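Worksheet: the structure to be examined is printed underneath.
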Amino acid sequence: MRQRNKPWADEFLNENDHIILKDPSQYKGKWKRDVFQNDRPIHVEVGVGKGQFITEKAKRHPDVNFLGIELAKSIIVTAGEKVLSQAIENVYLMQENAQDILGFFSEGEIAALYLNFSDPWPKNRHEKRRLTFHTFLDKYRHILQAKGKIMMKTDNASFFEYSLVSFSKAGMILEEVDLDLHQTPKPNEVMTEYEERFIRKGNPIYRCTVRL
């Protein structure tokens with residue numbers, strides 16, 4: 001989806017680098033000590049979008065530290081606005097490429113990862129860009145704790161099937177697979193903006209949880 005340019009984005013990023021952190025590699029292995037200043041588990045959302053999911057998760061789980069990665073500048077500033085306006089203290093964001101995730105976290109530093117409505121990259125020539133391609137899974141395995149979890153949601157059936165196979169080939173354990181998440185009402189489910197839109201259209205939402 002093409003994103004609207006936000007002329008004020010650069011100014012917002014510069015003024016709010018206490019929330020959207022610059023050079024996150026400097027915190028590698030030191031997130032709990034230098035950023036969160038506590039010993040709570042760290043959960044990472046890869047592709048935060050406009051921030052609805054991560055901010056709501058953080059409000060419901062103040063005992064967890066949350067980090068969000070989003071490359072698109074025009075999108076992450078909207079997520080940053082949510083964090084600021086709601087004064088959420090256990091969320092930090094970074095405008096970075098998920099391909100570089102090994103540069104941000106040490107081995108076993110992360111307790112859980114969320115992959116919400118990632119770009120499915122449906123063409124075969126783009127397979128390496130999928131966030132569940134085996135090279136990405138190798139990176140996740142490195143930064144996740146023993147028995148760390150990956151939670152994925154998508155509306156794309158082909159991408160979901162591909163991901164299940166990819167997880168299995170990587171030796172990860174499928175703990176939960178849901179082929180129509182909202183077939184019955186789930187009032188406690190934290191949804192993304194995309195998810196709400198897809199549900200209104202009647203699209204099924206696919207979800208799985210895997211662990212190392």
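Readers should treat all values here as calculations from the given coordinates under stated rules, not as data from a laboratory. From a predicted model like this one, the values you see are computed outputs, not experimental measurements. No Cβ is skipped: glycine too gets one built from the backbone with ideal geometry, and neighbour counts run over all protein chains shown.
Indicate, rounded to the nearest 5 percent, the antiparallel portion of the DSSP beta bridges found entirely in the chain. About 35 percent, rounded to the nearest 5. Distance between the pseudo-spin-label points of residue 86 and residue 18 (7 Å out from Cα toward the beta carbon): 2.0 nm.
Can you sort 57, 201, 28, 128 from fewest to most other Cβ atoms within 10 Å of each residue's own Cβ? Working shown, then result.
Working: 57 19, 201 7, 28 14, 128 11.
Neighbour counts put them in this order, fewest first: 201, 128, 28, 57.
Size check on segment 61-100: the Cα extents along the three principal axes, sorted descending, read 28, 20, 9 Å. The string of couplings for segment 151-158 from the Karplus curve (6.51, -1.76, 1.60, θ = phi - 60°) is 10, 10, 9, 7, 9, 9, 4, 5 Hz, one whole number per residue in order, with x for Gly and Pro. Is the shape of segment 79-146 best called rounded, prolate or oblate, per the rule: a/c under 1.5 gives rounded, else a/b larger than b/c gives prolate, else oblate, with a ≥ b ≥ c the square roots of the Cα gyration tensor eigenvalues? Note, shape of segment 79-146 comes out oblate.
Just so you know, the Rg over Rh for segment 1-72 is 0.98, from Cα atoms, with Rh as the Kirkwood radius. Rg and Dmax of segment 14-137, based on Cα coordinates, read 14.2, 43 Å.
Take every pair of alpha-carbon atoms less than 8 Å apart whose residues are at least six positions apart; their mean separation over the length of the chain yields a relative contact order of 20 percent.
Two decimals is fine: what's Rg over Rh for the chain, C-alpha atoms, Kirkwood radius as Rh?
Values: Rg = 16.6 Å, Rh = 17.6 Å.
Reported Rg/Rh, Kirkwood definition of Rh: 0.94.
With the alpha-carbon atoms as the only input, what is the per residue convex hull volume for segment 124-190 in Å³? Please report the intermediate quantities before stating the final value.
Numbers: hull volume 7.4 nm³, N = 67.
That works out to 111 Å³ per residue.
Here segment 106-147 and segment 46-96 have alpha carbon centers that stand 19 Å from each other.
Within the listed set 94, 152, 191, the Gaussian network model of the chain (springs between alpha-carbon atoms below 10 Å) gives the highest mean-square fluctuation for 191. Here segment 80-112 is scanned for amide nitrogen atoms under 13 Å from the site 7 Å beyond the Cα of residue 73 along Cα-to-Cβ, giving 95-96.
Is there a quick way to get the dipole size of the chain? I mean about its Cα centre, with the Cβ of Lys and Arg at +1 and of Asp and Glu at -1; what is the value in debye to the nearest 20? Show your work: numbers first, answer last.
On the way: 32 positive and 30 negative charges, 90 e Å.
So the dipole magnitude of the chain works out to roughly 440 debye.
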